[in-house]
Ligand code: CDP
């Protein structure tokens with residue numbers, strides 16, 4: 001399957017802190033695919049400040065290297081600018097090009113399976129209970145010196161999810177043909193194994 005000419009896109013969507021990033025990185029490493037964390041694009045646009053549409057149009061690789069992009073504040077700023085159609089439009093081309101790169105690609109975000117790559121070979125919609133997502137994100141932020149309580153993290157995720165689901169432009173929702181993966185009761189290894197199996201199944205179909 002590897003080698004020149006191989007195009008294969010895995011779209012991974014879902015609400016905040018459901019495990020998309022962890023699964024995406026593991027899947028990309030397993031298959032040797034490239035990985036694009038599209039949330040980072042919106043976080044970088046929000047963090048740049050100024051006119052969001054101009055920030056999106058002028059986004060540069062260095063903007064994605066900022067150390068503060070994973071904070072809760074950057075997440076909130078991201079979900080505000082992500083509701084603007086001009087911001088989303090400015091980022092479409094880059095994401096689509098990445099998706100069709102040679103050697104395969106995994107993109108994780110909110111609208112990969114619905115808007116960016118409706119033709120992706122594999123689409124996963126990753127979820128977990130609100131409480132479990134808040135617990136995981138709280139642990140992650142606390143390890144980096146975060147000061148929010150678990151309850152504050154939960155409120156933050158819920159506010160962001162509501163904004164992401166209710167916006168008009170590319171709202172968060174599963175593609176009709178997405179495989180739903182609820183990770184509430186799954187270990188990381190078990191969730192990754194399910195994702196890998198779904199991809200192997202699709203690859204086998206492609207060879208038939
Ligand atoms: O890591 P986490 O799931 O908390 O968030 P993220 O994936 O980094 O995304 C941050 C914010 O960017 C989300 O709350 C969305 O508002 C926005 N986003 C989006 O609108 N579309 C995407 N494809 C990815 C992120």
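The values are calculated or read from the model by the stated rules, or taken from the named source; none is laboratory data. Here the structure is a predicted model, which means the values were calculated and not measured. Every residue, glycine as well, gets a Cβ built from its backbone with ideal geometry; the counts of neighbours run over all protein chains shown.
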Of (1) surrounded by fewer than 23 Cβ atoms within 10 Å (Cβ to Cβ); (2) over 14 Å from the mean Cα position of the chain (by Cα), residue 115 satisfies all except one. Which? (2)
Some residue of the range 41-59 being under 22 Å from residue 128 (Cβ atoms), within 14 Å of the ligand (Cβ to nearest atom) and surrounded by 14 or more Cβ atoms within 10 Å (Cβ to Cβ): yes
Count - residues of the range 97-120 that are closer than 20 Å to residue 199 by Cβ and out of contact with any strand residue (DSSP E or B) (no Cβ under 8 Å at 6 or more places or on another chain): 2
Residues satisfying the stated conditions in the range 169-206, i.e. loosely packed, with under 12 Cβ neighbours inside 10 Å and in contact (Cβ under 8 Å) with a residue 24 or more places away in the chain: 177, 180, 206
Kindly indicate whether any position in the range 140-162 is within 10 Å of the ligand (Cβ to nearest atom) and within 18 Å of residue 95 (Cβ to Cβ). no
Report every pair of residues separated by at least 6 positions or lying on different chains whose Cβ atoms are under 7 Å apart, first residue within the range 80-92 and more than 20 Å from residue 162 (Cα to Cα) and touching a residue at least 24 places away in the same chain (Cβ under 8 Å), second more than 8 Å from the ligand (Cβ to nearest atom) and in a helix (DSSP H, G or I). 86/53; 90/53; 90/56; 90/57; 91/56
Any residue at all in the range 196-204 that's within 15 Å of residue 22 (Cα to Cα) and touching a helix residue (DSSP H, G or I) at 6+ places or on another chain (Cβ under 7 Å)? yes
Take the residues of the range 67-81 that are buried (at least 16 other Cβ atoms within 10 Å of the Cβ), part of a loop (DSSP other than H, G, I, E, B) and at pLDDT below 95: which is farthest from the ligand (Cβ to nearest atom)? 71
